[in-house]
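Structure, as structure tokens:
The values are calculated or read from the model by the stated rules, or taken from the named source; none is laboratory data. The model shown is predicted, which means the values in this text are computed figures rather than measured ones. Every residue, glycine among them, receives a Cβ derived from its backbone with ideal geometry; neighbour counts consider all protein chains shown. For the accessible areas, the whole protein counts, side chains as well, though only heavy atoms, and no ligand, DNA or RNA atoms are used. Shrake-Rupley method; radii C 1.70, N 1.55, O 1.52, S 1.80 Å.
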Amino acid sequence: MDSFVIEGGTRLRGTIRINGSKNAALPIMSAALLANGPCNLQDVPTLSDIQHQMTLLRELGCTVDRQPDGHVKLEVTDEKNSHARYDLVRKMRASICVLGPLLAKRKYARVSMPGGCAIGDRPVDIHLRGLEALGAVIDLDGGDIIARADKLVGTEIFLGGNFGSTVLGTANVMSAATLAQGTTIIESAACEPEVVDLANFLIAMGAKITGHGSPRITIEGVKELHGANHQVIPDRIEAGTFMVASAITNGEVHLQNVRLDHLMAATDKLRAIGVIVEKDNGGATIASIRRLEATSITTQPHPGFPTDLQAQFMALLSIADGNSVITEKIYPDRFLHVAELSRLGAQLHKEGSTVIIHGVKRLIGAPVMASDLRASAALVLAGMAAKGTTTVMRVYHIDRGYEKIELRLNSLGANITRKAQTELEL
Ligand code: EPZ
């Protein structure tokens with residue numbers, strides 16, 4: 001298990017290109033299961049989650065050809081196996097997004113039920129409710145979801161839940177509805193840019209979809225879908241993480257391949273606390289020249305503030321001037337980074353799903369443990385701002401969602417070394 005040794009205190013400066021979005025690429029790759037013919041995707045990031053998805057798609061009869069430049073070619077050549085095994089699903093919860101495409105195309109899907117994870121319970125009841133509304137019969141057997149449907153029939157479906165809309169639930173139901181008979185209307189659909197990107201890919205495959213990006217998506221079923229080419233959108237969470245990296249080190253970083261229109265809530269908060277965010281040709285510059293101010297943040301479904309940037313902003317606000325408040329409304333338990341940031345000297349007080357942050361002048365380096373993807377990113381950010389040495393252990397979590405993050409941050413002036421760590425040292 002690798003760890004990062006971070007020497008804090010350097011300012012980041014320079015230019016970095018943001019990679020294609022992991023969370024857009026995963027459902028898009030799954031949607032290739034719907035196509036008769038090859039699909040070519042550009043800008044698919046090199047990440048362990050993408051690797052797991054490629055393994056799963058191969059098991060499901062898809063040939064997968066990946067080029068070093070991020071081009072991935074997918075083509076279904078054998079539709080016999082429709083079983084996403086627990087071994088693969090437990091490694092990556094997002095495997096659930098093969099459920100809708102398999103059901104619609106092969107009339108049968110067996111997908112292991114994803115368990116909870118470090119960020120809390122993550123049920124899939126709304127996915128199943130949506131597919132049942134389309135006519136699927138769903139059973140549970142041996143921990144697997146079994147979905148069957150001779151034909152799917154379009155209908156009106158409400159996909160809202162106690163925590164708002166569901167991103168992968170919308171992806172599953174929208175994908176399945178493309179091959180249903182008649183018209184499907186999804187109400188309370190997720191509006192995330194990743195859902196819009198999936199819809200655009202499905203449209204390129206011949207699907208008839210309107211309203212994507214709004215809470216009401218309409219899908220007119222078609223008989224079949226063909227292969228298509230598609231460029232994956234830039235990763236807004238990676239971009240947001242680099243924005244915080246620049247701000248937390250009082251740096252000046254230029255991001256290429258960034259969509260600020262996907263990052264309105266985060267950009268608004270950065271500006272509110274004193275970070276300079278300037279849009280320019282195809283990119284943005286993020287700079288910070290003074291101590292930042294405190295603020296309050298509540299995570300919400302898009303276009304609200306993204307839960308996937310909550311931990312990184314907590315790291316940033318821990319050195320802002322004054323008291324900040326962060327409330328988590330999507331995953332109320334997504335706070336494993338609180339105890340670890342406290343080890344670096346952050347003054348954090350958790351009350352239910354709210355954390356009050358009393359900004360300190362400086363964080364002090366210490367050994368800390370990564371727990372989930374975004375919490376790990378927050379620890380790396382805090383380590384770059386801290387005085388002295390921070391060791392972040394178990395960085396395999398960060399490798400799931402950030403490609404070579406230490407090399408990319410180092411190219412901007414950070415001082416991060418990856419060390420292979422033995423079990424004994426842990
Ligand atoms: C996606 O997960 C992302 N994953 C997550 O990113 C992200 O945190 C999340 O959306 C919210 O933005 C991918 O895109 C691969 P949800 P998803 O269904 O779709 C509840 C990261 O760090 N819910 O939108 O699984 C759920 O518990 C990851 O990259 C139900 O109750 O999330 C949560 O409270 C982590 N029943 C809320 O809805 C359901 O059937 C939103 O979850 C489904 C969800």
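Considering the conditions (1) more than 16 Å from the ligand (Cβ to nearest atom); (2) at pLDDT below 95, L336 is excluded by exactly one of them, (1). Within segment 53-69, can one find any residue that is open to solvent by less than 30 Å² (accessible area, probe 1.4 Å) and in contact with a His (Cβ under 9 Å, 6 or more places away or on another chain)? Scanning segment 53-69, I find at least one residue that is open to solvent by less than 30 Å² (accessible area, probe 1.4 Å) and in contact with a His (Cβ under 9 Å, 6 or more places away or on another chain), so the answer is yes. The residue that is nearest to the ligand (Cβ to nearest atom), counting only those in segment 155-212 that are among the small types (G, A, S) and without any contact (Cβ under 8 Å) to a residue 24 or more places away in the chain, is G211.
Scoring N257 on the criteria (1) on the phi < 0 side of the Ramachandran plot; (2) touching a residue at least 40 places away in the same chain (Cβ under 8 Å); (3) surrounded by fewer than 22 Cβ atoms within 10 Å (Cβ to Cβ) leaves a single failure, condition (1).
Do you know which residues across segment 325-344 are hydroxyl-bearing (S, T, Y) and open to solvent by less than 10 Å² (accessible area, probe 1.4 Å)? Give the steps one after another, and end with the answer.
Of segment 325-344, the ones hydroxyl-bearing (S, T, Y) are 327, 331, 342.
Across segment 325-344, there are no qualifying residues.
Screening segment 252-328 for strands (runs of 3 or more DSSP E) wholly inside it with 3 or more residues that are in the same structural domain as K387 (by TED's automatic domain parsing) and among the small types (G, A, S) returns the ranges 283-287.
From L348, L309, L292, grab the single residue that is open to solvent by less than 30 Å² (accessible area, probe 1.4 Å), within 16 Å of the ligand (Cβ to nearest atom) and not basic (K, R). Before you say what the answer is, go through the steps one by one.
On the way: L348 fails: within 16 Å of the ligand (Cβ to nearest atom); L292 fails: within 16 Å of the ligand (Cβ to nearest atom).
Exactly one residue qualifies, and that residue is L309.
Mind listing just one residue for me: the one in segment 164-181 that is open to solvent by 10 Å² or more (accessible area, probe 1.4 Å) and either in contact with a Lys or Arg (Cβ under 7 Å, 6 or more places away or on another chain) or modelled with pLDDT of 95 or more (or both) and, of those, nearest to A32 (Cα to Cα)? Residue satisfying both the conditions and the ranking: L179. For D321, the conditions (1) acidic (D, E); (2) open to solvent by 30 Å² or more (accessible area, probe 1.4 Å); (3) out of contact with any Gly (no Cβ under 6 Å at 6 or more places or on another chain) are fulfilled apart from (3). Is segment 271-285 home to any residue that is at pLDDT below 95, more than 20 Å from the chain's Cα centre (by Cα), open to solvent by 30 Å² or more (accessible area, probe 1.4 Å) and acidic (D, E)? Within segment 271-285, one or more residues are at pLDDT below 95, more than 20 Å from the chain's Cα centre (by Cα), open to solvent by 30 Å² or more (accessible area, probe 1.4 Å) and acidic (D, E).
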